[in-house]
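What follows is a structure written as structure tokens; I'll ask about it next.
The values are calculated or read from the model by the stated rules, or taken from the named source; none is laboratory data. Small disclaimer: the values here were computed from a predicted structure and weren't measured. Counting neighbours? That spans all protein chains shown, and the Cβs are built from the backbone with ideal geometry, glycine included. These accessible areas exclude ligands, DNA and RNA; they are computed on the full protein's heavy atoms, side chains included. Shrake-Rupley method; radii C 1.70, N 1.55, O 1.52, S 1.80 Å.
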Amino acid sequence: MNPIILIARKEGGELLMSGRGLAWLLALAITMSVLSLLLVSNTELSLLDNAQVVYIMMGTITALGALLGVVLGSDTLAGERERGSLMPLLLAPVTPSQIVLGKMGGQVAGWSVMYLLSLPYVWAVGSSGQNLSQAVAYLALFGTPVVLGFGFLGIVLSARARSVHSALLTSLIILMLLASPLLLGPSLRQSTIGKLFDAVNPFSAAVNTFDSVVIDSQPLTMQITRLVITFVWLALTAVLAIRSVRKMEI
């Protein structure tokens, strides 16, 4: 059997089939439930335009997916080192690219489950509004490369760090920096630095697209540049992850 499939099956099984692994799904369900109840029951938040509420949900889901990506990515190799299983993995007849893609298989499974689990919540807060079907499609189209890119970033740092804690802390700092547009909002990013940051930030590209499509009803043709940014981010982090594993010191 292909080594990528074997590694991906192992990673996916640990993430989705074990009791400890399923705890993150419970945490996700609780988080999404609380956020949904807050959006629909809070007096001030309930006065928001329905499309604005869907936009908030999309950004939150993408951020949670990116968080899952950096947590899992940071454990991929640094965790193997701490558990004493890194040497057997590197001595196995697999290439660095097969290790990286296999490890990412678990993250793909985790993001897929997270995305599907989030859809009822998106529907619950946006069923009476506009562009709900577009929200579902664009969350997959733009959220997936952003989330998986953070997973690859976690692998890069995991290969270079000596411990899971170091890799995870660095990954979280980078995630907080890139995800800052979700907290600041478009109006607070109108400075020259803010616009330059938005122009190269994949998270900004996804969040701004959610705003443009769900709130302003803009077509896909106006989002091509942002889509390219997210896929460049995915490709760049994937290449860096493979190179980092190839040059990794035991």
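Tell me, please, whether a residue that is in contact (Cβ under 8 Å) with a residue 12 or more places away in the chain and open to solvent by less than 60 Å² (accessible area, probe 1.4 Å) can be found in the stretch 38-47.
Our first condition is that a residue be in contact (Cβ under 8 Å) with a residue 12 or more places away in the chain; within the stretch 38-47, this holds for 39-40.
Retained after the next criterion (residues that are open to solvent by less than 60 Å² (accessible area, probe 1.4 Å)): 39.
Yes: one or more hits.
Select, from Val70, Val125, Val94, the only residue that is surrounded by 14 or more Cβ atoms within 10 Å (Cβ to Cβ), in contact with a Leu (Cβ under 8 Å, 6 or more places away or on another chain) and modelled with pLDDT under 90.
Working: Val70 fails: modelled with pLDDT under 90; Val94 fails: in contact with a Leu (Cβ under 8 Å, 6 or more places away or on another chain).
Unique residue meeting the criteria: Val125.
For the stretch 174-195, which residues satisfy the criterion of being surrounded by fewer than 11 Cβ atoms within 10 Å (Cβ to Cβ) and either at pLDDT 80 or above or more than 24 Å from Gly126 (Cα to Cα) (or both)?
Within the stretch 174-195, Gln190, Ser191, Thr192, Ile193 meet the criteria.
A quick yes/no check of all residues on (1) among the basic types (Lys, Arg); (2) over 25 Å from Leu153 (Cβ atoms); (3) open to solvent by less than 10 Å² (accessible area, probe 1.4 Å):
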residue: Ser33; (1), (2), (3): no, yes, no
residue: Gln52; (1), (2), (3): no, yes, no
residue: Gly59; (1), (2), (3): no, no, yes
residue: Ser74; (1), (2), (3): no, no, yes
residue: Gly79; (1), (2), (3): no, no, yes
residue: Gly102; (1), (2), (3): no, no, yes
residue: Gly105; (1), (2), (3): no, no, no
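Residue-by-condition table, conditions (1) within 13 Å of Ala8 (Cβ to Cβ); (2) in a helix (DSSP H, G or I):
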| site | (1), (2) |
| --- | --- |
| Ser74 | no, yes |
| Met87 | no, yes |
| Val100 | yes, yes |
| Leu116 | no, yes |
| Leu119 | no, yes |
| Ala124 | no, yes |
| Gln130 | no, no |
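In the stretch 1-21, which residue that is under 18 Å from the mean Cα position of the chain (by Cα) and not small (Gly, Ala, Ser) is surrounded by the fewest Cβ atoms within 10 Å (Cβ to Cβ)? Lay out the reasoning, then the answer.
Going through the stretch 1-21, the residues under 18 Å from the mean Cα position of the chain (by Cα) turn out to be 8, 11-12, 15-16, 21.
Retained after the next criterion (residues that are not small (Gly, Ala, Ser)): 11, 15-16.
Details: Glu11: 22, Leu15: 21, Leu16: 16.
That would be Leu16.
Name every residue in the stretch 229-250 that is small (Gly, Ala, Ser) and either under 15 Å from the mean Cα position of the chain (by Cα) or exposed (fewer than 15 other Cβ atoms within 10 Å of the Cβ) (or both), in order of residue number. Talk me through it step by step, then tell me what you get.
Kept after step one, since they are small (Gly, Ala, Ser), are these residues of the stretch 229-250: 235, 238, 241, 244.
Residues satisfying the conditions are Ala235, Ala238.
Still on this model: Residues of the stretch 211-228 being assigned to a helix (DSSP H, G or I), open to solvent by less than 60 Å² (accessible area, probe 1.4 Å) and either within 11 Å of Phe142 (Cβ to Cβ) or of a type in the set (A, V, I, L, M, F, W, C) (or both), which ones? Even if it seems obvious, please write down each step before you answer.
Here is the first cut: in the stretch 211-228, the residues assigned to a helix (DSSP H, G or I) are 211-215, 220-222, 224-228.
Pick out the ones that are also open to solvent by less than 60 Å² (accessible area, probe 1.4 Å) and you get 211-215, 227.
Ser212, Val213, Val214, Ile215, Leu227 - these are the residues of the stretch 211-228 that are assigned to a helix (DSSP H, G or I), open to solvent by less than 60 Å² (accessible area, probe 1.4 Å) and either within 11 Å of Phe142 (Cβ to Cβ) or of a type in the set (A, V, I, L, M, F, W, C) (or both).
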